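Before any comments, here is the structure.
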Amino acid sequence: MESTTTDSRPTHTALRVILAAIGADPGELDQILATSQHALIVFCSNRRITAANRHAEALFGYSAGTLVGLAADQLLPPRMRQPDPPPMTPLADTMQLDLPGIRRDETEFRVEWVLGSVRVVDREWFVVILSDREQVDRALDALRASEERFRLLVDGVRDYAIFMLDANGLVSSWNKGAERIKGWTAEEIVGQPYETFFTAEDRAANVPRELLASAAVNETHETEGWRVRKNGERFRANAYLAALRSSTGELYGFAKVTRDLTEKYRAQELEKHLAIERAAREAAQAAEERLRRLQSISAALSEAVTPHDIAKAVLDLSLPALDASGGVFYRLDRDGTALELIAQRGHADLFLTDFRSIPLDSSTPLVDAARRKTAVFYEDRRQLMVGYTQFDAVVGDRFKASAALPLMAHGRLVGALAVHFREARTFSPGEKSMLLTISEVAAQALDRAVLFIAETDARELAESANRSKDQFLAMLGHELRNPLAPIVTALKLLPEDTSSARARDAIERNVKHLVRLVDDLLDVSRITQQKVQLQKHRVELIEIVEHAVELTSPLVDERKHHLDVTIPRGLFVYGDSTRLAQVVANLVNNSAKYTERGGHIAIAAAESAGRIELTVRDDGTGIEAAMLPHVFDLFAQEHQSLDRSQGGLGLGLAIVRSLVLMHDGTVTASSGGRDQGSLFTITFPRSDGATSAPLERISPTQLPEVSRRILVVDDNADAAVLMAELFQRSGHHTAVAHDGPSALEIAAAFAPEIAILDIGLPVMDGYELARRLRELVGPIHLIALTGYGRSSDRERALAAGFDVHLVKPIDPATLRAAVTSRSS
């Protein structure tokens, strides 16, 4: 079964041929053993020898048939044997081992083991070719004794390149192994210099001559490196160089034995590469696992809202991921002077008592790390206790290693995290990276939570203040309207003689001014809360402007202004005509207030690109550039003097902007500066078709007044008495009460058909009184007349059973219309 292959390792090739033959026909094993020139043994996975040929028996000094049944390990010296070795595993390819062997007489010798395996039926057979390494040494000894004998010997060795050099380093002999390994025939290489077998860089570095010189001095020299074949291919070689001397000690040449290690070297390099790849793969898997765990922690933190949620997520997810046995999570207190414990895992109860709050000026591992804003890793208990012996009782033997991590967000300390481990450890770069990343994401989450809490508190405070403001405005409106109501009523009752006309006009003008101020206050409240209900319909712009001019005429006339209106017909907008008239009126009133007496105000409109542009221009005091961006802000007034000659609260333009935006419009202000006048420009989308039918205005009833029994209830005595007198002059019968119980007592005898009730009554409010009156007198027309004018107040009044909701002060004509609107 000898192989004639040119494989660089003929023993391996021969074994592969043998394994293939056995695999094809296990029955050929006996024939193979009998005919092979190699020493062969066969054993199974439990290392028990099942077959051996005569060459193997002779190599180890056993008689025929005595190797079978022995453990293969018995061919090794006792020191090399493994106690209870595991079963052999199949080999992917042949492998070579250089191990000492032991003969039956217990003498050791060097053996080359070339091992392979083959599957036979349901079991694995292991086949070994064995070679005596000492034949090479014997060959060298023989060479020194006889060059001819050396030639005859080395020509029979095919696994080694064995050749001789003369004293000058020229090749003088060449065996078959050298021809096979290096590629040159003897005729081609004999007489060539030793340098022929070396790489260009080794020749340049004079390596060949240095090796010869070393062998000449030391008698032998063994080295390993790259050599060159005839075809230029490099191979890895183990080379043994021995000096040859005559009996007189004269150097006459060198013997060279070279072994091809290329496959072994490549296998070793492959193993190194595989080991590097394996380590990289394991590192990548570890990094992937860390990333997965960090993603899980980050996902949990993204849903955490409070510091307690964050602490729980960090400790419950991080500690198992790090194989840690405990941890603590602190946040910086509001004053920034101490760490407050949020949550902990794995500590004794004493910890909760003594370390619930830790001042930043104290000295603990975690506080020191937080104060220095630097993470610290304690790899064993000894490191942890240096300078912190006070923790002995707390930590005890529970933890041996710890990581102290400051929680930093945007360069600010927001808290601290400590992670503890039961055993001492060396923190790997990956573990440190994971701990630092956890501390970073935890810090960001904690910072968000603190900001969220602060924002929530601020929002709740603002909402509370806003509610208080709304309640205050409602109460203010009520309290202002209450005294206005009797004033308005009294005006209607004053005799219309010429002597008091000026006084009447002054009172009426200032009452209207007060009413407008109260309405502005309540309008701002309703608009900012988005509680204004717009009654939109298609309306012509000129109607809106005419209504606005009517509203502003008292102020314009009083200040002797010249008002020019240029509004073409056919310009329609879609909106609430009342509110739009309020917008234009507010702009005209603003111009009137800030224009000197006798000034000019112009209202104009035009269409451009499907939008309607309305302008209000004046030649008044103008607006300085610094004030222009703020003219539409609440309570904004420029150059307000102590005498407040312009009047108002700075609400009109704020209301304008809000109402214009609610109509999908824009409003801008411009001015050339002080004394250069002002220009306000409003744009609205043009309405080309009827989007809804115009709302019918509810006008005062046209029914003639019929005498009714009217009960007036108001805790303001002047308002109640004057109102009753107003209705008496119209032919009605009236009764007056100033609180709920007296109203019920009067109603029992008076049997009113109509009741006008104030809401804010003492003892019993107007809502309760309305319900009691219906129970007492049956059907009755109920009118709420109150200073509470919000839409929610109106809705509550109607829900309580009132038929009409009116806001003080009320025009007497409107009040009479509400009374006479009841069918006779």
One residue from T374, T389, T353 being over 22 Å from A449 (Cβ atoms), modelled with pLDDT of 90 or more and either among the acidic types (D, E) or exposed (fewer than 15 other Cβ atoms within 10 Å of the Cβ) (or both): T374
Looking across segment 197-213 at residues that are more than 21 Å from Y265 (Cβ to Cβ) and touching a residue at least 12 places away in the same chain (Cβ under 8 Å), the single one that is nearest to the chain's Cα centre (by Cα) is R209
If we keep just the residues of segment 585-603 that are open to solvent by less than 10 Å² (accessible area, probe 1.4 Å) and more than 18 Å from R674 (Cα to Cα), which is nearest to the chain's Cα centre (by Cα)? L587
Taking only segment 196-206 into account, find how many residues are open to solvent by less than 50 Å² (accessible area, probe 1.4 Å), in a helix (DSSP H, G or I) and over 18 Å from V257 (Cβ atoms). 1
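Can you go through S131, S117, S146 and tell me which one is touching a Pro at 6+ places or on another chain (Cβ under 8 Å) and either at pLDDT 85 or above or not charged (D, E, K, R) (or both)?
S117
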So R674, is it part of a loop (DSSP other than H, G, I, E, B) and modelled with pLDDT of 70 or more: yes
Among the residues that make up segment 115-126, is at least one of them in contact with a strand residue (DSSP E or B) (Cβ under 6 Å, 6 or more places away or on another chain), among the acidic types (D, E) and over 21 Å from A20 (Cα atoms)? no
Could you list, in sequence order, the residues of segment 585-607 that are within 22 Å of D688 (Cβ to Cβ) and in contact (Cβ under 8 Å) with a residue 60 or more places away in the chain? A605, E607
Sort out which residues of segment 48-65 are assigned to a loop (DSSP other than H, G, I, E, B) and either touching a Phe, Trp or Tyr at 6+ places or on another chain (Cβ under 6 Å) or without any contact (Cβ under 8 Å) to a residue 24 or more places away in the chain (or both), and write them in order of number. N53, S63, A64, G65
How about segment 405-464: which of its residues are among the small types (G, A, S), outside any strand (DSSP E or B) and surrounded by fewer than 20 Cβ atoms within 10 Å (Cβ to Cβ)? G411, A424, S428, G430, S433, A454, A458, A462, S464
Starting from residues that are in contact with a helix residue (DSSP H, G or I) (Cβ under 7 Å, 6 or more places away or on another chain) and part of a helix (DSSP H, G or I), keep the ones in segment 731-766 and report whichever is farthest from S792 (Cα to Cα). A748
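Matching residues to (1) more than 25 Å from K400 (Cβ to Cβ); (2) under 26 Å from the mean Cα position of the chain (by Cα); (3) not polar (S, T, N, Q):
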| position | (1), (2), (3) |
| --- | --- |
| L322 | no, yes, yes |
| D333 | yes, yes, yes |
| T337 | yes, no, no |
| D354 | no, no, yes |
| P359 | yes, no, yes |
G766 vs. criteria in contact (Cβ under 8 Å) with a residue 24 or more places away in the chain and surrounded by 22 or more Cβ atoms within 10 Å (Cβ to Cβ): yes
Pair list, Cβ < 7 Å and 6+ apart or interchain, from segment 736-754 residues that are β-branched (V, I, T) to residues that are open to solvent by 40 Å² or more (accessible area, probe 1.4 Å): V736/V721; I754/R822
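Per-residue answers, yes or no, for (1) surrounded by 14 or more Cβ atoms within 10 Å (Cβ to Cβ); (2) closer than 15 Å to F163 by Cα; (3) at pLDDT 95 or above:
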residue	(1), (2), (3)
L211	yes, no, no
V217	no, no, no
W226	yes, no, no
N238	yes, yes, no
Which listed residue is at pLDDT 85 or above, under 60 Å from the mean Cα position of the chain (by Cα) and closer than 22 Å to R816 by Cα, from A747, A751, A770: A770
Can you work out which of the residues in segment 176-195 that are acidic (D, E) and open to solvent by 70 Å² or more (accessible area, probe 1.4 Å) is farthest from the chain's Cα centre (by Cα)? E187
Considering segment 564-580 alone, what residues qualify as being modelled with pLDDT of 90 or more and either farther than 15 Å from L614 by Cα or part of a helix (DSSP H, G or I) (or both)? L580
Checking the conditions here, which among I759, I780, I754 is more than 23 Å from P486 (Cα to Cα), open to solvent by less than 30 Å² (accessible area, probe 1.4 Å) and touching a strand residue (DSSP E or B) at 6+ places or on another chain (Cβ under 9 Å)? I780
So which strands (runs of 3 or more DSSP E) stay within segment 225-332 end to end and still have 1 or more residues that are in contact (Cβ under 8 Å) with a residue 60 or more places away in the chain and touching a Ser or Thr at 6+ places or on another chain (Cβ under 6 Å)? 234-245, 251-260
Failed condition for M80, given (1) buried (at least 16 other Cβ atoms within 10 Å of the Cβ); (2) within 22 Å of E134 (Cα to Cα): (1)
Do we find a residue being in a helix (DSSP H, G or I), of a type in the set (A, V, I, L, M) and buried (at least 17 other Cβ atoms within 10 Å of the Cβ) anywhere in segment 613-627? no
Just checking, which of G27, G23 is modelled with pLDDT under 90, assigned to a helix (DSSP H, G or I) and touching a Lys or Arg at 6+ places or on another chain (Cβ under 8 Å)? G23
Residue check: is V171 of a type in the set (A, V, I, L, M, F, W, C), touching a strand residue (DSSP E or B) at 6+ places or on another chain (Cβ under 9 Å) and in a strand (DSSP E or B)? yes
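One line per residue, one yes/no per condition, for (1) exposed (fewer than 12 other Cβ atoms within 10 Å of the Cβ); (2) farther than 17 Å from V120 by Cβ:
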site	(1), (2)
A34	yes, yes
I41	no, no
I49	no, no
H55	no, yes
A58	no, yes
A64	yes, yes
V68	no, no
L75	no, yes
D105	yes, yes
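The values are calculated or read from the model by the stated rules, or taken from the named source; none is laboratory data. Quick caveat, the model's predicted, so the values are computed rather than measured. Glycine also receives a Cβ, built like all others from the backbone with ideal geometry; neighbour counts cover every protein chain displayed. Calculation scope for accessible area: heavy atoms of the full protein, side chains included, ligands and nucleic acids excluded. Shrake-Rupley method; radii C 1.70, N 1.55, O 1.52, S 1.80 Å.
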